[in-house]
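Shown next, in structure tokens, is the structure this report addresses.
The values are calculated or read from the model by the stated rules, or taken from the named source; none is laboratory data. For clarity, every value in this text was computed on a predicted model and none was experimentally measured. Cβ placement follows ideal geometry from the backbone for every residue including glycine, while neighbour counts extend to all protein chains displayed. Accessible surface is based on the protein model in full, side chains and every heavy atom, while ligands, DNA and RNA are left aside. Shrake-Rupley method; radii C 1.70, N 1.55, O 1.52, S 1.80 Å.
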Amino acid sequence: MTAPAIAVTGLGLVTAAGIGVEASWRGVQSGVSTAKRDPALAGLPVDISCTVPDFSAAKNVGRRSTLIHDRFVQLAIVAAREAVAGSGLDPGTWDGARVGVVIGCGLGGVATWERQHSVLLAKGPDAVSALLIPMLVPNMVAGHLAMEFRAAGPNFVTATACASGATAIGTALDLLRDGRCDVVITGGTEAGVSPLIVTGFAQMGALSRRLSEPEAASRPFDADRDGFVIGEGSGILVLERESDALARGARVMAKVAGYGASADAHHMTAPDPEGTGVLRALSAALAGAGVAPDEVDHVNAHGTSTLLNDAVEARVLAKLLGTRAAVTSTKGVVGHTLGAAGAIEAAVTVLAVDTATVPPTANLTRQDPGIDLDIVAGEPRKQRIDVAVSNSFGFGGQNAVLVFTSA
């Protein structure tokens, strides 16, 4: 039995490039990094970040949000509102029991955790907010979106570190193909730009130390890369069966055609140098989509700007796909958004397919000579994209790969 085609009918983005799909897509196409010195991180060994500009919870979500939501939930609500509105679906009339919510998030409410821990130390337990737990646990983002959109179907959060958003979309794909949902609101969110989290990554040696030139710090696949720049944001997709979307006259932006997942089973933080887990996930995603490796036109790479990860990913892509596909990394512009990265990059991949445009990789001025790929840099490349891949990999050796095809 042939699996039903799954359509993307709505997108929402909140990134360091801007609030909304239009602003984010424009920023990603510019190929200009959003990284800057962050006053909130002053005094730390690394104080560079990519944060959402001019975001106000009171303005963008609602005044009550400042009291009940951590920032990771606020970002997701804004992105989800845009995605649902863009899909043309009406939560007031849909059968909510058939609408699922699956969101990826690696950390949860770290800002709330840090703030309330400081309150505990300074003022004692009686001063700690009664909303501490509801504001920090990761699953609450799915719960709040369910309440927002009257979505009473399957509802949960996936946590596979920096692959979380892609894992969520792959899970949503399965829910729709299995007939357990008619619509799924899916994607990822993260607001991890906090002193403790940034310090933790810095202590691991994962962050770029290009402090005197922050706008050049995130440089995926470049010979002079030295680590990633932490970011925040949310990417949300509305998925439904293509037949349902066409029956109601919706515009299909792209189709989610395949999903592959694997574990390296190798190391807590370092990828398997042979890339065997990545190769399995990519191969499974292509097989699930019924696509041959030589049919892939575009890859939105995980491309973190770290020495080892970029090298391993590039080796696997060259081995399986060769040099035909036009490759880019969104992280050069918006930084590494951790649990949201896979979803933001999936949304950018959908836009690339829909507009026949491959955005450039920021700061790629001298491609690593050991990387034999066609990496787009400098300016966007106009080309037909029938098949595109979005890669996401996380600590723990967790790999998730999505395949998108044109409508």
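Structure values in brief
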{"item": "Listed peptides 282-290, 268-276 by packing density, highest first (mean Cβ within 10 Å)", "result": "282-290, 268-276"}
{"item": "Helical segments meeting 15 Å axial Cα length and Kyte-Doolittle 0.5 threshold in the chain (DSSP H)", "result": "71-87, 164-177, 276-289, 307-321, 341-355"}
{"item": "Prolate/oblate/rounded label for region 25-151 (Cα gyration tensor, a/c 1.5)", "result": "oblate"}
{"item": "Contour minus Cα-Cα distance for THR365 and PHE156 (0.36 nm per residue)", "result": "71.1 nm"}
{"item": "Stokes-Einstein translational diffusion, region 166-315 - Kirkwood Rh over all Cα pairs, 1.002 mPa s, 20 °C, in µm²/s", "result": "119 µm²/s"}
{"item": "Descending semi-axes in whole angstrom, ellipsoid equivalent of region 212-284, from the Cα gyration tensor", "result": "34, 22, 11"}
{"item": "Centre separation in Å (Cα based) which lies between region 193-227 and region 322-339", "result": "16 Å"}
{"item": "Compactness of region 90-150 as Cα Rg over 2.2 N^0.38 Å, two decimals", "result": "1.50"}
{"item": "Accessible area (Å², per residue) of region 1-143, counting only protein heavy atoms and a probe of 1.4 Å", "result": "45 Å²"}
{"item": "Spatial separation of Cα centroids for region 351-379 and region 81-95, in angstrom", "result": "34 Å"}
{"item": "Beta bridges by DSSP in the chain, antiparallel share as percent, to the nearest 5", "result": "65 percent"}
{"item": "Where only alpha carbons of region 336-407 are counted, the Rg and the Dmax (Å)", "result": "13.3, 36"}
{"item": "Cα-derived Rg to Rh of region 133-218, Kirkwood definition", "result": "1.10"}
{"item": "Calculated [θ] (222 nm, deg cm²/dmol) that DSSP helices of n ≥ 4 give over the chain, each run adding -39,500 (n - 2.57)", "result": "-10500 deg cm²/dmol"}
{"item": "Two-decimal Rg/Rh across the chain, once Rg and the Kirkwood Rh are taken from alpha-carbon atoms", "result": "0.95"}
{"item": "Kirkwood Rh and Cα Rg combined as Rg/Rh, region 260-301", "result": "1.03"}
{"item": "Surface accessible to a 1.4 Å probe, ASP264 within the full protein complex, Å²", "result": "20 Å²"}
